[in-house]
Amino acid sequence: MDSITFSLYLLLSSSLSLLIFVLLRSSIITRRHLRLPPGTLGLPFLGETLHLISAYKSENPDPFIDDRVSQFGPIFTTHVFGEPTVFSADPETNRFILQNEGKLFESSYPGSISNLLGRHSLLLMKGSLHKRMHSLTMSFANSSIIRDHLMLDIDRLVRLNLESWTDRVLLMEEAKKITFELTVKQLMSFDPCEWTESLRKEYMLVIEGFFTIPLPLFSSTYRRAIQARSKVAEALSLVVRERRRESSERGERKNDMLGALMDEEGGGGGFSDEEIVDFLVALLVAGYETTSTIMTLAVKFLTETPLALAQLKEEHDEIRARKDNLEALEWNDYKSMPFTQCVVNETLRVANIISGVFRRAIMDVDVKGYTIPKGWKVFASLRAVHMDHDHFKDARSFNPWRWQTNSGTTNSVNLFTPFGGGPRRCPGAELARVELSVFLHHLVTRFSWVPAEEDKLVFFPTTRTQKRYPIILQRRNVPTSCIE
Ligand code: HEM
């Protein structure tokens, strides 16, 4: 999307909503004496969207929030992406928003994301179906499933990928390959092959369409994404049909997410192919992009903090020394990586790859003396809390040691929420932690590296490094040739 098209789009969508907002605001306040959170609506038509985008396209997006919090307090009104939005940088309010999912608020994604995910994806489901499918997803990615089934595949696929690395790689690309292969294996039991690689390429096009204008005429990226989405759906439908055939002809049932969805069917769910495909598409998106970004950023932060990298290496060299060189990591090994868990927490806190979650108020909601009117957008900023010096000492520096004492925070559990909270809390949280830990283990025990070029972290449209983090690698003295 070029900037002219983008501005035009914003102009069209914002002008109408701003007009409605101004009318609504004055009539709501006078008619019902509601007290909206303070704030500014920014430029006519565009609101504060361009400020937000330019802040998030830089390495330092926090002033966007800092300025408003110091002027208005931690709950303020702004106008972004065509809608008036109540923005919360307050941990208690965030918790209130997340916990009241389905009661006072409901999730609300931009049109481009909802269209590309498909209407039957977990991220868009509501009510009792959401509850049932959220717990089905949890049951497929919980600690005992990871320990008994997934751990071995995670270890094997990470090692296989690292084995094929050349002496210069784009880390973000390699990490994406790893997490895609892992997710496809968990969902459908496919090992990496040409089919999975071509599926991945289509997938990347789908994800690129997430942050564009959801109008094919305006945006060629969106057009390409829609085409790629139907190719992905077609490929996955074939898999679903083949599974149905295997199951009816031979009574076979694989122990993967697709198998669990088919069982749900037997249990009264009766899902159509389209429903199953949408569900799989969304899980692939949720698990693949997020975890690969966190892998890349962990390496970037560690590279920039040599003392932490040295301590991490020591922890993993000790684990390796207890094992045969080619022996897979087990759950007990994962559980004996205390410093790694500090690195994982700190990476999640500083990276904020999901900087916050959008919701919509389904009725007038009173919070901290203000009223959020029915129908309004709400943004619970997870980043604002993670980056707040009142909650985390010297909050804006990467300091994994903070997690060794006092759980890293000044007090409560509400402060550290990289996986959200409430009924929509990320069902892949533990899985992401395990994948990152196993990846770090094999990386630091096999390689040392230096950045190949300077690379910048940016936060819009998604959190990423501009150049996909190119690094130059050197193998350490660990035999790696006989990996199965
Ligand atoms: C570092 C990696 C990850 C981060 C930071 C992350 C973060 C999040 C957050 C903040 C949410 C809440 C969204 C909301 O409330 O609207 C979420 C939801 C979700 N995540 Fe993750 N996630 C990660 C990895 C994964 C993985 C590996 C999976 C694969 C199973 C996954 C699957 C999901 C799904 C399906 C949802 C939607 C849940 C629902 O709406 O009920 N995520 N994630």
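Every read-out reported here was derived from the displayed coordinates using simple, explicitly stated rules and does not represent laboratory data. It should be emphasised that the depicted structure is a prediction, and the values quoted were computed from it without experimental measurement. Glycine gets a Cβ as well: all are built from the backbone with ideal geometry, and neighbour counts include every protein chain shown.
By how many degrees, between 0 and 90 and to the nearest 10, does the Cα long axis of helix 338-351 differ from the longest principal axis of the chain? Here the helix axis deviates by roughly 30 degrees. Each Lys or Arg adds one and each Asp or Glu subtracts one; over the other residues with Cβ under 11 Å from the Cβ of Asp278, this totals -1. If you plug the beta carbon distance of Trp195 and Glu314 into 1/(1 + (r/R0)^6) with R0 = 51 Å, you get a FRET efficiency near 0.80. Taken along the Cα-to-beta-carbon direction at a fixed 7 Å, the label points for Lys374 and Arg322 span 5.9 nm. The range 212-246 and the range 420-459 have their alpha-carbon centroids 28 Å apart. Stretching Glu234 away from Ala429 to a fully extended chain increases their span by 67.3 nm, per 0.36 nm per residue minus the current alpha-carbon distance. Each residue of the range 106-118 is assigned a 3J(HN,Hα), and the resulting list reads 9, 5, 8, 9, x, x, 4, 5, 4, 4, 6, 6, x Hz, derived from the Karplus form 6.51 cos²θ - 1.76 cosθ + 1.60 (θ = phi - 60°), x at Gly and Pro. If I fit a long axis through the Cα atoms of helix 429-446 and take the longest principal axis of the Cα atoms of the chain, what angle between them do I get, 0 to 90°, rounded to 10? In the chain, helix 429-446 runs at an angle near 50 degrees to the longest axis.
With only Cα atoms counted, the range 226-311 has Rg and Dmax values of 18.9, 58 Å. Length gained on full extension, Leu217 to Lys393, computed as 0.36 nm times the residue gap minus the Cα-Cα distance: 58.5 nm. For the chain, the spherically averaged projection of the C-alpha convex hull amounts to 23.4 nm². Taking the C-alpha atoms only, the angle from helix 3-32 to the longest principal axis of the chain is near 50 degrees.
Comparing Cα centroids, the range 143-201 and the range 297-365 end up 18 angstrom apart. Take every Cα pair under 8 Å in the chain that's 6+ residues apart, average their separations, divide by the length, and report that relative contact order as a whole percent. With pairs under 8 Å counted, the relative contact order is 24 percent. With helices as the sole contributors, the chain gives -17000 deg cm²/dmol at 222 nm; each DSSP H run of n ≥ 4 counts as -39500 (n - 2.57), and the sum is divided by every residue. Taking 29 Å as the limit for the C-alpha separation, the pairs Lys126/Lys231; Lys300/Lys377; Lys377/Lys467; Lys131/Lys393 exceed it in the case of Lys300/Lys377; Lys377/Lys467; Lys131/Lys393. For the range 430-463, backbone nitrogen atoms closer than 19 Å to the point 7 Å from Ser143 Cα along Cα-to-C-beta are found at 430-438. Converting phi to 3J(HN,Hα) with the Karplus coefficients 6.51, -1.76 and 1.60 and the offset θ = phi - 60°, the range 91-105 yields x, 5, 5, 4, 4, 4, 5, 5, 6, 9, 4, x, 9, 10, 9 Hz in sequence order, with x at every glycine or proline.
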